[in-house]
Amino acid sequence: MLEASDLMVFYENNLALNNVHIRCDRNQIVGVFGANSAGKSTLMHALSGIVLDMQKKEMMAGGERITVAGSVRYQEKEVMTVSPSRRAKMGIVLCPERRRIFKESTVLENLKIGGYLASPSQARETLAYVFEVFPALSRLKNRIGGFLSGGEQQMLAIGRALMAQPKILLLDEPLLGLSPLMQAMLMRTTREIRDQRKISIIVSEQYARPVFPIVDYAFILENGSAVLEGTREALMDNPDVRSAYFGV
Ligand code: ATP
């Protein structure tokens with residue numbers, strides 16, 4: 001479904017991703033785990049195409065040089081040079097780190113903005129689905145985004161991404177700063193969304209523990225390189241992974 005190979009990203013001379021290979025098959029949940037600065041967001045930006053916009057912006061501003069190389073294939077097509085907005089239309093939708101909801105707009109407005117790629121009937125159906133899967137949002141429809149709690153903002157960010165009709169959803173550190181209870185709820189709901197909507201999902205996080213129960217397969221990034229990968233079961237059985245990422 002989505003596969004990156006030999007992926008390299010440089011910020012000037014700083015190598016942020018080094019020959020990364022990662023893939024996510026149809027209907028899979030794939031985890032990407034790594035410490036601060038391991039390259040998780042850079043990977044999400046390369047998969048969604050945002051890195052191309054960053055590259056252009058920096059070039060126009062005379063800022064740092066961003067170099068991208070390698071391949072990103074989606075449904076058997078090379079998309080490395082395809083713009084992020086085209087990729088979103090094709091079904092690759094990013095739910096960015098730190099949520100980035102529209103803080104001045106209401107919950108309902110945020111969701112409607114997310115649905116700009118959808119037909120009116122798709123938007124109506126998806127809106128009803130978002131309220132079904134996140135009942136809290138339904139109660140907060142008219143609340144201003146900036147007044148929501150962190151967990152509610154994350155639900156809204158996922159809901160808004162769903163409104164864009166993803167075939168593959170990229171969740172960049174969705175659990176950052178949330179309580180363990182909220183983290184568990186969001187991960188359960190993420191799995192439910194995969195099961196009910198048949199969406200593939202790549203989720204990045206610093207800590208594997210709260211995400212691990214829902215992943216089918218995972219990659220571990222260290223300093224821009226994918227150093228380990230495997231099915232959930234295989235990684236759980238690996239003593240190095242258990243001690244480094246689960247503290248057991
Ligand atoms: P975090 O958990 O802190 O979000 P991350 O795993 O998402 O970390 P990235 O944000 O992808 O890591 O960063 C990877 C490396 O690239 C880091 O060394 C970071 O400093 C550098 N980097 C990221 N974005 C830029 C940028 N726009 N300009 C220069 N360097 C950057």
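Structure summary
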item: Which of 158, 147, 118, positive extreme of dipole for the stretch 100-165 (C-beta unit charges); result: 147
item: Flagged links, alpha-carbon separation over 24 Å, of 56/89; 40/167; 56/198; 103/141; 89/112; 112/198; result: 56/198
item: Accessible area (Å², per residue) of the stretch 100-165, counting only protein heavy atoms and a probe of 1.4 Å; result: 48
item: Portion, in percent, of the accessible area of the chain that falls on carbon or sulfur, probe 1.4 Å; result: 51
item: Distance between modelled label sites at residue 207 and residue 238, nm, 7 Å Cα→Cβ extension; result: 2.1
item: Karplus (6.51, -1.76, 1.60) ³J(HN,Hα), θ = phi - 60°, over the stretch 206-211, in Hz, Gly and Pro reported as x; result: 6, 9, 6, 3, x, 8
item: Whichever aspartates and glutamates have a C-alpha closer than 15 Å to that of residue 57, once near sequence neighbours (fewer than 8 apart) are set aside; result: 12
item: Candidates per trypsin sites (Lys or Arg not before Pro) in the stretch 29-138, loop by DSSP, up to 15 other Cβ within 10 Å; result: 65, 98, 100, 103
item: Restricting the stretch 148-212 to trypsin sites (Lys or Arg not before Pro) in coil, as DSSP defines it, with at most 15 other Cβ within 10 Å; result: 198
item: Of the DSSP H helices in the chain, those whose Cα atoms cover at least 18 Å axially and whose Kyte score averages -0.5 or more; result: 120-133, 150-163
item: Rg(Cα)/(2.2 N^0.38 Å) for the chain, N = residue count; result: 0.99
item: Estimated inter-spin distance, residue 27 and residue 105, nm [label 7 Å along Cα→Cβ]; result: 3.3
item: Label-point separation in nm, residue 188 to residue 85, each point 7 Å along Cα→Cβ; result: 4.0
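The values are calculated or read from the model by the stated rules, or taken from the named source; none is laboratory data. The shown structure was predicted, so the numbers you read here are calculated from the model rather than taken from an experiment. FYI the Cβ positions are ideal-geometry reconstructions off the backbone, even for glycines, and counts take in every protein chain you see. What goes into the accessible areas is simple: the full protein's heavy atoms, side chains included, and nothing from ligands, DNA or RNA. Shrake-Rupley method; radii C 1.70, N 1.55, O 1.52, S 1.80 Å.
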